[in-house]
Amino acid sequence: MANTVFRNVRIFDGLNDSLYPGEVEVQGNRILSVAKGGEELSIEGKTVVDGGGATLMPGLVNTHGHLTYPAVTTLEEMGRMPVEENLMESVYNAKLVLDFGFTAVVSGASGKPRLDIVLRNEINRGRIPGPRMLAASPEMTVSGGLADANVWEREVPANGLVADTPDEFRKLVRLMMREGVNIIKFNNSGDSFCYPRVGSVINPMTPEEVRAICETTNNLGGRLAAHAHADSSVLQCIEYGVEFIYHATFVTDRTIEALEKAKGKHYVTPAFGLRYNMHFEGAPWGITQEVSEKIGNKREFDATIVNMIKMREAGIKVLPFGDYGFKMIPLGTDSRDLQHFVNYFGFAPWEALRAATAYGGEAYGVDKLGQVKAGYLADLLMIDGDPVRDLSLLLDRDRIVMIMKDGAYHKPLPENWGESAEAAARA
Ligand SMILES: [Zn+2]
């Protein structure tokens with residue numbers, strides 16, 4: 001296949017604070033070269049795509065995705081959904097997020113034990129559209145912990161795998177690694193979601209259980225993600241090298257200092273959108289502001305703001321997205337997080353985009369992902385407009401005019417795009 005040269009584009013490269021005019025050449029599944037300013041790439045024997053002044057940027061990376069969670073409001077409902085329906089929802093979700101520019105997703109737990117694995121495999125075989133994806137286990141939890149949605153009369157295979165001793169957890173980790181997950185996910189804190197059971201500041205796992213999960217995963221070459229609201233939970237993540245720390249809501253300043261020292265080993269994904277939507281938009285599902293206060297969601301909302309501001313200032317990599325997919329926070333609206341990062345955590349818009357692309361790509365952990373730069377994987381978007389000036393463009397599928405994953409189009413630029421009157425106006 002001939003190389004493709006994108007010309008007449010403005011580039012957001014993932015790291016820089018502003019757009020610059022340039023040209024980008026893609027060979028196979030990688031970016032071969034990037035020309036800046038007036039420089040021109042040779043186009044002989046190549047397919048030329050005229051961007052008509054659109055923005056070319058890296059695909060978005062979600063490091064806390066739940067593509068195999070069906071759109072429900074409670075974990076109990078999720079547990080009741082049969083695997084067949086759940087699989088169809090997952091296939092739908094995978095295409096939906098790619099349509100919104102997410103070319104890579106680190107799963108933050110699977111809806112059922114093998115769903116992430118089969119979804120990832122089918123995407124990789126090219127039979128269904130979806131982002132590149134790291135498959136996770138369901139949430140490993142203790143009896144009564146977050147994601148233990150079982151009921152006494154009936155064992156339901158849900159998004160929780162329940163164990164209560166180090167040996168039981170070792171076995172679960174080994175089984176999930178055998179089945180092919182990339183990520184072992186465990187819940188070493190509660191959440192307002194499981195009100196009135198374990199709240200966010202409670203760590204229901206013993207240190208021995210956490211150690212058994214982490215050591216077994218590390219021994220087998222897996223990677224770790226933890227649902228960790230409580231300070232003690234985050235400290236365990238630091239101690240055992242858990243790369244993906246989800247929430248980190250109630251950390252103390254000392255723990256932030258420890259995270260700062262371990263910079264580069266951890267990524268913090270607060271999943272703030274869920275807190276926001278539960279508080280401000282949950283009423284249709286019975287989560288009024290009063291309920292949000294009562295179950296502890298508002299407290300999580302407030303503490304997240306305080307601590308993410310501190311973490312950003314300390315240079316800890318705080319990443320957007322996470323926990324989209326429930327009914328009150330639908331998939332496809334994930335990029336609202338970018339505006340939340342600006343409005344609540346003090347990020348400049350370009351910093352939010354950097355976290356969503358370059359830092360997310362680094363966290364995903366394959367060779368060179370998340371930047372527009374020679375040698376990087378060709379996961380690219382073209383946006384009709386300047387997303388650094390207007391982050392809401394990423395919420396509009398129609399403004400995401402081109403989507404390429406691994407050098408292949410999911411959505412090619414419309415025919416004659418570069419010649420249109422709008423293009424002339426943009427350029
Ligand atoms: Zn989650």
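Count the lysine pairs in region 60-364 whose Cα atoms lie under 16 Å apart, taking only pairs 8 or more positions apart in sequence or on different chains.
Number of lysine pairs found: 7.
For the chain, with a Gaussian network of springs between Cα atoms less than 10 Å apart, report the residue from L41, L369, L224 with the top mean-square fluctuation.
Fluctuation is largest for L41.
Over the chain, average the accessible area per residue using a 1.4 Å probe and give it in Å², no decimals.
Solvent-accessible surface per residue comes out at 39 Å².
Return the aspartates and glutamates within reach of K405: Cα separation strictly under 13 angstrom, same-chain partners fewer than 8 residues apart disregarded; answer none if there are no such residues.
Within reach: D99, D379.
How far apart, in nm, are the 7 Å Cα→Cβ label points at K368 and E293?
5.5
Give me log10 I(q)/I(0) at q = 0.14 Å⁻¹ for region 60-364, Debye formula, one equal scatterer per alpha-carbon, no solvent.
-1.00
For the chain, what is the mean residue ellipticity at 222 nm derived from helices alone (per DSSP H run of n ≥ 4: -39500 (n - 2.57); sum divided by total residues; nearest 500 deg cm²/dmol)?
Calculated at 222 nm, the ellipticity per residue is -9500 deg cm²/dmol.
Are there trypsin sites (Lys or Arg not before Pro) in region 283-346 that DSSP puts in a loop and that have at most 10 other Cβ atoms within 10 Å, and which ones?
Here no loop site has a sparse enough neighbourhood.
In debye, nearest 20, what is the charge dipole magnitude of region 180-329 about its Cα centre with +1 on Lys and Arg Cβ and -1 on Asp and Glu Cβ, if you could check?
240
Distance in nm between label sites at F280 and S143, each 7 Å beyond Cα in the beta-carbon direction?
About 4.2 nm, to one decimal.
Round to the nearest 10 and report in Å² the accessible area of E260, as given by a 1.4 Å probe over the protein chains' heavy atoms.
80
Roughly how big is the chain's charge dipole about its Cα centre, with Cβ charges of +1 (Lys, Arg) and -1 (Asp, Glu), in debye to the nearest 20?
My answer is approximately 540 debye.
Suppose the Debye formula is applied to equal point scatterers at every Cα of region 1-101; what is log10 I(q)/I(0) at q = 0.13, 0.21, 0.24 Å⁻¹?
Log10 of I(q)/I(0), two decimals: -0.64, -1.04, -1.24.
What is the percent carbon and sulfur in the accessible area of the chain, measuring with a 1.4 Å probe over the protein chains and ignoring ligands?
Percent of accessible area from carbon and sulfur atoms in the chain: 51.
Looking at the P(r) of region 26-158, how many percent of alpha-carbon pairs lie beyond 19 Å?
58
Whole angstrom only: what separates the Cα centroid of region 1-23 from the Cα centroid of region 219-274?
Each part reduced to its Cα centre gives a spacing of 34 Å.
Considering only DSSP states other than H, G, I, E and B, which GluC sites (Glu not before Pro) in region 1-50 qualify as loop sites with at most 14 other Cβ atoms within 10 Å?
E39, E40, E44
Would you calculate the volume per residue, in Å³, of the smallest convex hull containing every Cα atom of region 244-349?
92
Taking the mean number of other Cβ atoms within 10 Å as a proxy for protection, how do you rank 234-240, 130-136, 338-344 from highest to lowest?
Answer by packing, highest mean first, reads 130-136, 234-240, 338-344.
Before anything else, pin down the relative contact order of region 64-197: Cα pairs under 8 Å, at least 6 apart, normalised by residue count, whole percent.
About 26 percent, as a whole number.
Hand me the GluC sites (Glu not before Pro) from region 135-201 located in a DSSP loop with no more than 10 other Cβ atoms within 10 Å, in residue order please.
The qualifying sites are E153, E155.
In whole Å, how far is the Cα centre of region 44-123 from that of region 361-414?
Going from one Cα centre to the other spans 15 Å.
Tell me the label-point distance for the pair L15, A258, using the 7 Å Cα-to-Cβ offset, in nm and rounded to one decimal.
Those two pseudo-labels are separated by 3.1 nm.
Over the heavy atoms of L220, what accessible area does a 1.4 Å probe trace out, to the nearest 10 Å²?
90
Can you check what the net charge comes to around G273, using other residues whose Cβ is under 13 Å from the Cβ of G273 (Lys, Arg +1; Asp, Glu -1)?
So the environment of G273 carries a net charge of -3.
The values are calculated or read from the model by the stated rules, or taken from the named source; none is laboratory data. Not measured: the values here are computed from a predicted model. When we count neighbours, we look across all protein chains shown, and the Cβ atoms used for this are built from the backbone with ideal geometry, even at glycine. Protein only, heavy atoms only, side chains kept; ligands, DNA and RNA dropped before computing areas. Shrake-Rupley method; radii C 1.70, N 1.55, O 1.52, S 1.80 Å.
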